[in-house]
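Structure first, commentary second.
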Amino acid sequence: MTVESVKPAQPAAPQLPVPPLAGGGVPVLGHGWKLVRDPLGFLVRLRDHGDVVRLKLGPKTVYALTSPALTGAMALSTDFKIDGPLWESLEGLLGKEGVATANGPRHRRQRRTIQPAFRLDVIPEYGPIMEEEARALAERMGSGEPVDCTSESFRVAVRIAARCLLRGEFMDERAERLSVALATVFRGMYRRMVIPAGPLYRLPLPANRKFDRALADLHLLVDEIVAERRASGQKPDDLLTALLEAKDENGEPIGEQEIHDQVVAILTPGSETVASTIMWLLQVLTEHPEHAARVAEEVKSVVGDRPVAFDDVRKLSYTNNVVTLLVIFRSHPAAAVQRVWNRLDRVRPRGVSAIQSAVRVRLQAMAVSTCWTCVLASPR
């Protein structure tokens, strides 16, 4: 009898069930075409297939999470790494050294650097800029002409983020250029993520050239803003000053590339979240005129005929409830793609890409959106 013969048998590793494949895929493009044509409807219908559903994005396979429990585990777990092939298509926009794509100690250090710009006691300082941009939006929407709500919502979100966080002498003009560039870049980046047809995007087609110009203008604008601040010697209490004075893990000033990527990372996801909230807000108030009337009534009772001010926001309880419920139940930000290492191993192989469409409740988005709602609902 040998030692090996008396050793207890090792239990076989459990076989993970293969999640069902979503329907509607087409050759070469997979499900990317569905995500371009009707992303919201397609993601909602995935729930009929189960908690975890396989998708084909070109040659890549990703797993869509449709269960609140799994989505919560993915969003809240610290045991994940932002990485993988789907993120590679975003590096041209977000870079590799910003808070949106960093992991581990670097991510925590970067968060500590930028957090002061988003403290609750700092938000009211942004009030005058929010009020000014909201009134301008209301005037454009009250012109009697058709308005592209998607473009206008994105425009006002980018302008507020740029003017509040990157203050400068020519920021008004640059904020406008940023909003135009980012609108084009976002559309192109989304297509490149869900339809990874690499070589085709390098062809000299009009859409590709427009995207390349917008992306180059975005990075040029960020470099101009940083260089101008350095040359001025001014140190206003804003995010850009915090970045220029930040230190790395060794106590040395952070590099130029990290500053650049941080600015881009703050402008892009932040403005997209607020813009999507505004778009849904406009749609819901249009579909439910009775609630729009109550919002307008409350605004009238609190502020009368004067413009809505940031300090009025807390007094508008019904309007706050409308925005809060919208953010919780109806917000649909861009899909978040993460490479999860531990918590979700029971539903799919380790290290593969997972995709979720999750609600993100952000204090800044709620406060800013409430202020804009008030202005839009104010009697003119």
Point to revise | Förster radius 25 Å - calculated FRET efficiency between VAL28 and ARG187 (Cβ-Cβ, nearest 0.05) | key: 0.75
Check your understanding: Using the beta-carbon distance between GLU139 and HIS291 and R0 = 22 Å, what value does 1/(1 + (r/R0)^6) give for FRET efficiency, to the nearest 0.05?
Key -> 0.45
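Under 1.5 on a/c is rounded, so check that first for region 121-279, then, if it is not, pick prolate when a/b is larger than b/c and oblate when it is not; a ≥ b ≥ c are the square roots of the alpha carbon gyration tensor eigenvalues.
Oblate shape, in that a/c is at least 1.5 and b/c is the bigger or equal ratio.
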Revision key, fill the gap. Filtering GluC sites (Glu not before Pro) in region 142-220 by DSSP loop and by at most 13 other Cβ atoms within 10 Å leaves GLU169
Practice item. Please turn the phi angles of region 176-190 into ³J(HN,Hα) values with the Karplus equation 6.51 cos²θ - 1.76 cosθ + 1.60 (θ = phi - 60°), one per residue in order, whole Hz, x for glycine and proline. Key: 5, 5, 4, 5, 5, 5, 5, 4, 5, 5, 4, 4, x, 5, 4
Check your understanding: Points 7 angstrom from Cα along the Cβ direction at ALA197 and GLU125: gap in nanometres?
Key -> 4.8 nm
Check your understanding: For GLU173 and LYS235, FRET efficiency with R0 = 30 Å and r from the beta-carbon atoms, rounded to 0.05?
Key -> 0.85
Practice item. Starting at the first residue of region 121-132, write each ³J(HN,Hα) from the Karplus equation 6.51 cos²θ - 1.76 cosθ + 1.60 with θ = phi - 60°, in whole Hz, x for Gly and Pro. Key: 6, 8, 3, x, 5, 7, x, x, 5, 4, 4, 4
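Read-outs throughout are calculated quantities, based only on the coordinates presented, and are distinct from any laboratory measurement. None of these values were measured; they are calculated from a predicted model. Counting neighbours? That spans all protein chains shown, and the Cβs are built from the backbone with ideal geometry, glycine included.
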